[in-house]
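Contents: one structure, followed by commentary.
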Amino acid sequence: MNSEVLDTRGKILSAAIDILGQKGDFTIREITEKAGVNVASINYYFGNKNSLLKEVENYYSGILYRIQYEILRNESLTPYEKLF
């Protein structure tokens with residue numbers, strides 16, 4: 001895969017993350033405008049809106065996982081502090 005492919009996919013995903021974070025939902029049209037791509041690109045990389053939403057969910061899940069992991073590894077916190 002070349003960097004242009006990753007760049008287009010990344011632009012679409014980044015636009016979806018931004019818009020979803022601001023509004024809680026998005027339309028394909030909003031994504032295409034923000035990412036500067038056409039609908040065919042979204043269909044090519046993600047298939048449909050639900051698949052794109054799943055990728056955004058994976059992005060946020062990854063962030064939460066890393067935060068939780070760092071809390072659990074933090075030896076300066078008590079077990080109670082790690083839970084709350």
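The values are calculated or read from the model by the stated rules, or taken from the named source; none is laboratory data. Because the structure is a prediction, the values reported are computed rather than measured. Neighbour counts run over all protein chains shown; Cβ positions are idealised from the backbone, glycine included. Protein only, heavy atoms only, side chains kept; ligands, DNA and RNA dropped before computing areas. Shrake-Rupley method; radii C 1.70, N 1.55, O 1.52, S 1.80 Å.
Residue by residue through the range 36-50, what is 3J(HN,Hα) from phi via Karplus (6.51 cos²θ - 1.76 cosθ + 1.60, θ = phi - 60°)? Round to whole Hz and write x for glycine and proline.
x, 10, 9, 4, 4, 5, 5, 4, 5, 7, 10, x, 6, 4, 4
Among [x] 33, 14, 10; [y] 37, 10, 6; [z] 19, 15, 10, which is the computed semi-axes √(5λ) of the Cα gyration tensor in Å?
Matching entry in [x] 33, 14, 10; [y] 37, 10, 6; [z] 19, 15, 10: [x].
Taking a probe of 1.4 Å, how large is the accessible area per residue of the chain, in Å²?
On a per-residue basis, the chain sits at 74 Å².
When only DSSP loop residues count, what GluC sites (Glu not before Pro) in the range 25-84 have their Cβ near at most 11 other Cβ atoms within 10 Å? Could you put the intermediate results ahead of the total?
Numbers: sites: 30, 33, 55, 57, 70, 75, 81; in loops: 75.
Sparse-neighbourhood loop GluC sites (Glu not before Pro): 75.
Looking only at 54, 11, 23, which one moves most when the chain is put into a Gaussian network model with springs between Cα atoms under 10 Å?
Result: 23 has the largest fluctuation of those listed.
For the chain, what % of the accessible area comes from carbon and sulfur atoms, probe 1.4 Å? Each step should come with its number before you reach the end.
Values: 3260 of 6250 Å².
The C+S portion of the solvent-accessible surface of the chain is 52 percent.
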